[in-house]
1. Within the stretch 180-204, count every residue that is aliphatic (A, V, I, L, M) and either in contact with a Ser or Thr (Cβ under 8 Å, 6 or more places away or on another chain) or farther than 15 Å from Leu48 by Cβ (or both).
2. Is it true that Arg396 is surrounded by fewer than 19 Cβ atoms within 10 Å (Cβ to Cβ) and on the phi > 0 side of the Ramachandran plot?
3. Counting only residues that are in a loop (DSSP other than H, G, I, E, B) and not aliphatic (A, V, I, L, M), which one in the stretch 695-716 is least open to solvent (accessible area, probe 1.4 Å)?
4. Read through the list (1) more than 30 Å from the chain's Cα centre (by Cα); (2) without any contact (Cβ under 8 Å) to a residue 60 or more places away in the chain; (3) over 21 Å from Asn637 (Cβ atoms), then give the number of the only condition that Thr528 fails.
5. Just give me the residues in the stretch 781-807 being open to solvent by 50 Å² or more (accessible area, probe 1.4 Å), closer than 18 Å to Lys624 by Cβ and not small (Gly, Ala, Ser), in sequence order.
6. Looking at Leu99, is it more than 16 Å from Gly44 (Cα to Cα), in contact (Cβ under 8 Å) with a residue 24 or more places away in the chain and assigned to a helix (DSSP H, G or I)?
7. With respect to the numbered conditions (1) touching a Leu at 6+ places or on another chain (Cβ under 6 Å); (2) touching a residue at least 40 places away in the same chain (Cβ under 8 Å); (3) open to solvent by 70 Å² or more (accessible area, probe 1.4 Å), which one is the sole condition not fulfilled by Thr616?
8. Conditions first: (1) under 24 Å from Arg363 (Cα atoms); (2) under 22 Å from the mean Cα position of the chain (by Cα); (3) of a type in the set (A, V, I, L, M, F, W, C). Ile522 passes all but one, so which condition is the exception?
Amino acid sequence: MTFVKNPVLIAAAVLLALTGYASVTDGSMSHITHIAIYVLYAMGVNMLIGYLGLVPFGASLFFGCASYMVAFTLGRVFTDEITALIAAGVFSLIGAGLLGLIILRRKGLYFSLITLACSQVAYEIAFKWTDVTGGENGIQNVPRSLFPTAAGFHWFVLAVVIVLIGGMWKLAHAPFGRLMQAVRDNEQRARTLGYNTFFVKWAGFCIAGTIIGLAGALLAMLIQGAYADNMSWQRAGDPVLMAALGGVHHYLGPLWGAITFLLLEEKLSVVTDNWWLIFAPVIIVFAILSPEGMQGIVQKWLRRDRWTLTRNTVPARPEQIAPFRPDAQVTQAGPIFEVKSLSKAFGSIVTQDDISLTVNDRRLHTIIGPNGAGKTTLFNIMTGLLPADSGEIVFRGRDITRLGAHERARLGIARSFQIISIFRNLSPFENVRIAVQASQKATIPFWRDAHKDAAICARTWTILDAVGLADRAGDTCGELSHGEVRLLEIAVTLACNASVLLLDEPLAGLGESDRVIVTNLITRLAKTHAVVLIEHDIDRVLAISDRITVLHQGKLIADGEPAQVARDPAVVEAYLGKGKSGGPAAVAARAAKPQTEGARPLLEMKGVSAGYGGGTVLEGLDLKVMPNEVVALLGRNGVGKTTTLRAVMGQLHPDKGEVLLDGTPIGNLRSDVINRMGVAIVPEGRRLFPNLTVQENLSLAMRSGGAGMEEIHDIFPKLAILSKSKAQNLSGGERQMVAIARALVVPSRLILLDEPYEGLAPAVVDEVKAAVERISTKASLVIVEHHADEVLAIADRAYVLVNGRVAWTGPAGDLAGDQGLQDRLLGIVAA
């Protein structure tokens, strides 16, 4: 069984079997040597693809340059193959180090194209500098003194290849190798744990470049020469294809891919010069039927649908897991963290406007505010993921405004994310172990097995047990429920051994039992750490917080003890609005609308449950919208309002229940189909095409039966003036006008508006509100808006959601006239 599970032994056995086959059949031993060299070449390339997520179309640069280096020096500078091979490795390491400092500043397609360009430049030099490189004829007659025979050199190559394959397997399980995989999965998360991800990628690039260079050196010795063709763009993609054919997420994928590629090339080229016309369809079939390559097919057949870049094991679980005790931090006299006059804007949208706050040690400091208030953006600035436009950030008396995210993390600032941020392709154990490893602040070993570090592994088990995930330690993250993934992210944050913890909505998506566990954990942490919390569960926030800061539209509007903040008029206004709804004019307008009793609902949701990534946001939701009716959908942040609109629009398919449009089920239809059935949405954040003009944004959506440009300009006169302006240059209010107009230019029976007044100046709110009231006579509306007064003034009925369920429904006027009910369901009320 050890043999079956050890890919190094499998690789050795396969190469030996090919050697034996060649010997028995009187085949070419040099051809098997050639295969072994290309296996090493492909595995070196796959170190970048599989372990770092970097696709080098021009890895042939190292392969070809190393072959020329050997051809130039073997017999002149170096007298034997072993010394020349070592020199080629050093040469490739230096070259990769210098090149990596430049090209690793770019990611994705740009990285791939830059490597290809570098390889093509090297090819042009080698091909045309005839006096030095021999040009088209290359360099020939390179001596091979130690291994003059084909058989002797074959065994030398086989030994080198197997040793390097074993070394790469060892590296993959070392702390550095595990870290490379974490950076591949989620570079931003690795940075916030304290890792210098650029260095990780650079070091991995250097190692891969060295291995590829060694393969090129061996090829030069095999053919006893060097030629420019290996660096041309026609051959540059060969190792990438080999890795992809075998499976980039499997350690032995490049082995199977290289063997198949070279054998097919040999056989097909005998049949036709255009052998690629036959080989290309093979690649296409594999890409369609098995994105994980040849080994992926076998993995599925064996029902082991997991990556095999490392062993799928975790260290033995201790018989007795030590209880979790937060590491005691040095007490800070005075504020431990300060934000001074911080401002940040994205174009015309101001997310932080002269924000100043202090965080004290061993206190639970909560930041709340309506959607779009700038809470998460503030966290991103505090942790170095975003630069501030102005202001100062101070940690333990030190100005850290210009420090990067990994530098701040290493000082003792850790965070979780609103949108779950973990290493998806690592096990829960490895996710936490990577974070514990970061907390050690020591040199990251390149050779020792990461799972042999008893202290780090013991700490990892302790943290997993504290959040209830010890039993799931070895599973894949894809097998975890949404709540378990949220708990895992909290565990990763806890593992950082930081003195300041920034937790962004840690209770989101958790069931009540898990909420209790995490809440108790947070209160325990606040006794030994400074904890800054963003959370929408207002009742819980008021119960556990020592201090609360309230943000609204980028401004700090309140800061103090929970009871004091809950009574602050500015906070009440931010959550409930100004209390203008329910006036005589509004009541008269609602009374004058045609009655719809007895009519079939235009929209009906029956027992709808839906969520994200296995988590449940909506639970058994029932909702109706009648023809020509305006429905207000209200609730605190995070209760499922936007999720409801997404379920109607087809952006999220319900797990249970039905969504009916005029009696027709639409719950499983695509968004474009639902739109053509007469449903339009004005999404939160507007989501315009920034590089297109106002006219172009509207023209893309316009269909027969919708409003024409004259009608749009009548509703929004300003858009006539701005028709040639690009969307990215518009103000927030102007963008909202375009977003609403875009919904009107399609023939709509139902329009969904998500926070239509959010972030707008009062004068602009009045203009947009007038437009909304005008279109309410032409279509049914569902309006999500945290300012209850603004929407209740024009709504016929209202629904209030609490934790994904309908907590109240009835005439909008009843809710508008009952301030106590609004306070209880929508506001924040001190216990």
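1. Residues flagged as aliphatic (A, V, I, L, M) and either in contact with a Ser or Thr (Cβ under 8 Å, 6 or more places away or on another chain) or farther than 15 Å from Leu48 by Cβ (or both) within the stretch 180-204 amount to 4.
2. So Arg396 passes the test.
3. Phe716
4. (2)
5. Arg797, Arg805, Val806
6. Yes; evaluated as a whole, the condition is true for this residue.
7. Of everything listed in (1) touching a Leu at 6+ places or on another chain (Cβ under 6 Å); (2) touching a residue at least 40 places away in the same chain (Cβ under 8 Å); (3) open to solvent by 70 Å² or more (accessible area, probe 1.4 Å), Thr616 misses just condition (1).
8. Condition not satisfied by Ile522: (2).
The values are calculated or read from the model by the stated rules, or taken from the named source; none is laboratory data. Keep in mind that this is a model prediction, so the values were computed, not measured. When we count neighbours, we look across all protein chains shown, and the Cβ atoms used for this are built from the backbone with ideal geometry, even at glycine. Please note that ligands, DNA and RNA were not included when accessible areas were found on the heavy atoms of the full protein model with its side chains. Shrake-Rupley method; radii C 1.70, N 1.55, O 1.52, S 1.80 Å.
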